[in-house]
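What follows is a short report on a single structure.
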Amino acid sequence: MSGGCVAEPRQEFYQSQRLRLSYWVWGADDAPPLVLLHGGRDHGRSWDRIAEAFEDDYRVIGCDLRGHGDSDWAIGSIYSLTEHVLDLVALIERLGAPVRVIAHSFGGEIALLAAGLFPELFDRIVSLEGAGARLEDNPRPLTTRRFRRWMMEARAWEREETRVYPTFAEAVVRVRAANRSLTLEMAEHLARWGTREVDGGFVWKFDQWVRSRPPSELTREDVAAAWREVRAPVLHLIGAWSRQGTVNNRPVDEYFPDSRTKVIPSAGHWMHHDQPALTVEAIRAFFGTPPARKPSGP
């Protein structure tokens, strides 16, 4: 992380669905790929501590999801889960499959759905509270009332003005308000990579439309069916302060063929910030020996 790492990661870009998407690279090019997916309204540099812990053994890829970080905004898009899956599949095809993945929150939803639809692309998956919300929040049947409510919300987004923070310090305060256990150093790091300077101050890099959820996408049954097709072993990490280890009152492990859950003590939803060392320890134990490096040329 800034101030603590020997070398900054390099930034690269790829194309998906006519969008230019950003990712950050730690480690050697011949090392096996490890993809890191952040959650909503976050960015790829939020993974610095985790990336630095794995860069000796992996080519670590910290993605900026579409509409986040330095990736293009998808103007006219509703930032659906399936669009993000398309982006992840395009990235894995660029890196070479199979890959290992560490994913947080919405990033976990992306990874787990992608692994059910394209199981051959994944070797192991670590989900940091990335399962559950999609099934809990997407009841059926879909009603005209829900459609109308979503359309009214979408119209409201058009009229909403982007908030400008007059100083960088005020943006840092906002970051800490979202997670009061963050150190000042981490909050400054997250704000530094999550904002851009404009006339009058600083704004978040993410497109405010990423907060909108489409009224119709996948049913609970659709998602659960995809999860049953996941062949890669899955580790679910749950923060002790949040305890999101169930989906529809069933343990999350019951939805996956090869799954286990571990609770990270003294941590909440952002356990990789609250307890980075314990998070890394749990992931290392699950990953075991890293895959072999690419063979060198003749």
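May I ask you to sort Tyr255, Tyr14 by Cβ crowding, counting other Cβ atoms within 10 Å and putting the fewest first?
Ordered by Cβ neighbours within 10 Å, fewest first: Tyr14, Tyr255.
Name the residue, out of Arg180, Arg41, Arg149, whose mean-square fluctuation peaks in a Gaussian network model built on the chain with Cα pairs under 10 Å.
Evaluated over the chain, the most mobile residue of the options is Arg149.
Taking every alpha carbon pair in segment 64-132, what does the distance histogram look like in 10 angstrom bins from 0, in percent?
Values per bin, smallest distances first: 20, 55, 24, 1.
Take the chain, connect every pair of alpha-carbon atoms lying under 10 Å apart with a spring to form a Gaussian network, then pick out the residue of Asp87, Asp64, Asp258 with the largest mean-square fluctuation.
Between Asp87, Asp64, Asp258, it is Asp258 that shows the largest mean-square fluctuation.
Tally Lys and Arg at +1 and Asp and Glu at -1 over the other residues with C-beta under 10 Å from the C-beta of Ile78: what net charge comes out?
-1
What's the exposure ranking of Arg293, Arg196, Arg18, going from fewest to most Cβ atoms within 10 Å?
Neighbour counts put them in this order, fewest first: Arg18, Arg196, Arg293.
Net charge around Ala282, counting only other residues with Cβ within less than 11 Å of its Cβ (Lys, Arg = +1; Asp, Glu = -1)?
+2
How would the chain be classified by its alpha-carbon gyration tensor: rounded, prolate or oblate, with rounded meaning a/c under 1.5 and the a/b versus b/c comparison settling the rest?
rounded
Hey, what number do you get for the chain at 222 nm if only DSSP H runs of n ≥ 4 count, each worth -39500 (n - 2.57), divided across all residues, to the nearest 500?
Value at 222 nm, helices only: -10000 deg cm²/dmol.
Measure out, as a whole number of angstrom, how far apart the alpha-carbon centroids of segment 58-90 and segment 10-35 sit.
11
With both bridge residues required to lie in the chain, what share of the DSSP beta bridges run antiparallel, to the nearest 5%?
45
Could you pull out every residue, at least 5 positions away or on a different chain, whose amide H is within less than 5 Å of the one on Arg59? Hs are placed 1.01 Å off N in the peptide plane, and Pro or chain starts have none.
Amide H neighbours of Arg59: Ala31, Leu34.
Sort Ile75, Ile50, Ile102 by Cβ crowding within 10 Å, fewest neighbours at the top.
Fewest-to-most Cβ neighbours within 10 Å comes out as Ile75, Ile50, Ile102.
Rule-based calculations on the coordinates, nothing more; no lab input. Here the structure is a predicted model, which means the values were calculated and not measured. Cβ coordinates were reconstructed from backbone atoms using ideal geometry, including for glycine residues, and neighbour counts include every protein chain displayed.
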